[in-house]
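All remarks here apply to the structure that follows.
The values are calculated or read from the model by the stated rules, or taken from the named source; none is laboratory data. Note that the coordinates shown come from a computational prediction; the quantities given were computed from them, not determined experimentally. Using ideal geometry, Cβ is built from the backbone for each residue, glycine included, and neighbour counts are taken over all protein chains shown.
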């Protein structure tokens, strides 16, 4: 293995996990403010929230494949500068199309987490679950910090600083990274599947566009859904026939991969819908952007502890036990908010359980499950497969929640749907556990 001091390297990966999480979550508490300043309706706000997420889903398998084949350090550096450019553009955008472009560029950095897993596995062979737990936990912390800081920055200074401060942090890390991150252990020049990438991009973009126009134009949405299905089917055909597929669909045969991907999709849909609904709900209760961030502070404190501890629990209790516990807590907290959301403290308690305890625990177990189900050479692709599922779920969750509000639906219904989605993998894992407990005759 390449000789490298693991502490500075891990510090760089940790800093990136926090800042990427912050940049991904920053628009959520500030959505009401962005809507006012840019003149956006709920559907446009939903599209703004999902642009970064869906771009991450598209780029994740590409950058993960490059990292697996050609090393993670160079890939990570390119991604960091894409993030900086997108954040700066988002900060100074004055129109809806421009801020969408900024979020798109930030989304190109969505592959940072799976690339970080490649490097973490290279650095910590004997304690990969703990390293993954630390990184996923810090990503969750960053998500919370983005939510926490966005409101005060926007109220005290301007919305520009919501994006600029994390961008400066990413730029500093990018300058330090070349000196501390390990180089590739083995460089493999493998041809990339660009056709598969293009088909995946158009399929996901068409799907999100269909959800965006659905409340105003159901017929057009139906046509777009058919088109998205056709593009998705074409992508599957291309991937199965390609000598060097973007996503090796054969990897889904490993039970740890497909179950983790399903779980990631459900988690993404559930918590992203909650993240979208809560600021809208709190604004209706009279909260300012700073107050919205303050109400979410307890969740950040819990996430700081839960993420790293989850990796330790995985080693001691097993992936499935930790995963089931995380899913159950996520559903429980969301159901609490669905039943009681007339006062801010009720929302705080529900989010404390859902996002502070449940999502952090389940995310660590999910990523640990997927990367330990494959060999070291497939770490990035396996993590990206899980990441794609999470991003698609998150994009669908936000767009459905936005469409629900545009159509005049209630917040209670939105939270109930979010809880129902996360119960699906919970039931699946419980059935699998029961099946394994039955002796085979």
With respect to residue 387, determine if the residue is in a helix (DSSP H, G or I), over 19 Å from the mean Cα position of the chain (by Cα) and surrounded by 20 or more Cβ atoms within 10 Å (Cβ to Cβ).
no
Got at least one residue in region 374-383 being within 17 Å of the chain's Cα centre (by Cα), free of Cβ contacts under 8 Å to residues at least 60 places away in the same chain and over 26 Å from residue 159 (Cβ atoms)?
no
Spot the failing condition for residue 367; the list is (1) surrounded by 21 or more Cβ atoms within 10 Å (Cβ to Cβ); (2) free of Cβ contacts under 8 Å to residues at least 12 places away in the same chain, and only one is missed.
(2)
For a quick check of your reading: which helices (runs of 4 or more DSSP H) sit entirely within region 1-100 and have at least 1 residues that are over 20 Å from residue 147 (Cα atoms) and in contact with a helix residue (DSSP H, G or I) (Cβ under 9 Å, 6 or more places away or on another chain)?
6-25, 42-70, 72-91
As an exercise: evaluate residue 258 against (1) closer than 23 Å to residue 32 by Cβ; (2) within 20 Å of the chain's Cα centre (by Cα) and give the number of the one condition it does not meet.
(1)
Farther than 22 Å from residue 135 by Cα, assigned by TED's automatic domain parsing to the domain that holds residue 393 and either free of Cβ contacts under 8 Å to residues at least 24 places away in the same chain or surrounded by 23 or more Cβ atoms within 10 Å (Cβ to Cβ) (or both): which single residue out of 322, 349 fits that description?
349
Candidate set: region 214-236, residues that are more than 21 Å from residue 265 (Cα to Cα) and crowded, with 17+ Cβ neighbours inside 10 Å; chosen: the one modelled with the highest pLDDT:
224
